[in-house]
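Read the figures in this text as sums done on the coordinates, not as results from a lab. What you see is a predicted model; the values in this text were computed from it and never measured. Methodologically, a virtual Cβ is constructed for each residue, glycine included, from the backbone with ideal geometry; neighbour enumeration extends over all protein chains shown.
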Amino acid sequence: MYSIIDQQRAYEIAQEALDRTEDALLTGNHSVFEELFHLPQSLSTMDGIVWLESTDDIRKVFDRVCKRIKDLGITKLDRRVDRLIFDGPEAIRYSYLTRMLDADGSLVQPPFPCLCRMIHLDGSWKIADTQYALRDETDHEEALLGAQHERSIPGGLESPGYAVFQNLLDRITKSYLEKDFATFEELTSFPVLVQKAHGTEIFPDAHRLQIDFEQYQREFKIKGITNMIRTIRSVHMIGSKRMQGTYRTYLLSGKTLLSEGYDSAMTLEQGEDAVWRITSVMHPIEHMTLDKMVHSDLS
């Protein structure tokens, strides 16, 4: 894909953003965030999404996270760019793992993967949205999203964003249950990023995605999964051709619930052919954890 920068420079830009925001959080210099963050934008976890529209919104998030860092005695945010792809001529997406360390170099909480998108505007690269793969509701998640973050569908069930998101979610679910990879491929934009509990995986093409799809099919058969129920928790439009939503998934065998529900987030973009497709997914399910989630306390 054509880009105004090469791969090495893209990595440098992404790492510079991580380093500058780390320094800002540790020193309380909120002006760096205001300079680097494009408005409006979203911050999301598997549990919810918060929409930032003003510098006041940025400052509120900044102050909450700074307070948590201070309260926990965090002196280092160990973050290094892991995977990076171009998202058009003037946009990049990259993943990184966040490790919060105290003065002794000890982890303050388990590391968590993150996914960031940066865009080039007026000669500068700015952060456009960030996703945090925090599996459970935590104090850090509350610091990011706020105590009253969005858990409902903005605009209600009549909003265009909800209808599009629900339709695609239903089709993806049906493709898994009916082993219909062709539909799954049709609704996916490549390369697609899948952010899981232990890291981010990039699927550059349909072949790689099909291998993963078929592995889940085998695991579903072994564990007796015959149905999935998915309910939307929130949907946010980001401009007219991009949206992010969160949803909860329940796995069943017949009418028997196999596990507690788990939360996920998904980003969709509308292509030139007017079709909405998945560009990234964030969820806790991966091949090594599916067995643990199915054999939960519900048994």
I need the full set of residues from the range 200-245 which are without any contact (Cβ under 8 Å) to a residue 40 or more places away in the chain, under 25 Å from ALA128 (Cα atoms) and of a type in the set (Lys, Arg), in order please.
LYS241, ARG242
Go through the range 246-277 residue by residue and tally those that are of a type in the set (Lys, Arg) and more than 20 Å from ALA133 (Cα to Cα).
2
Residues being more than 21 Å from GLU186 (Cβ to Cβ) and of a type outside the set (Val, Ile, Thr) - total across the range 245-284:
17
Does the range 200-222 include one or more residues that are in contact with a Phe, Trp or Tyr (Cβ under 8 Å, 6 or more places away or on another chain), under 28 Å from PHE112 (Cβ atoms) and of a type in the set (Gly, Ala, Ser)?
no
Could you list, in sequence order, the residues of the range 11-20 that are surrounded by 14 or more Cβ atoms within 10 Å (Cβ to Cβ) and free of Cβ contacts under 8 Å to residues at least 24 places away in the same chain?
ARG20
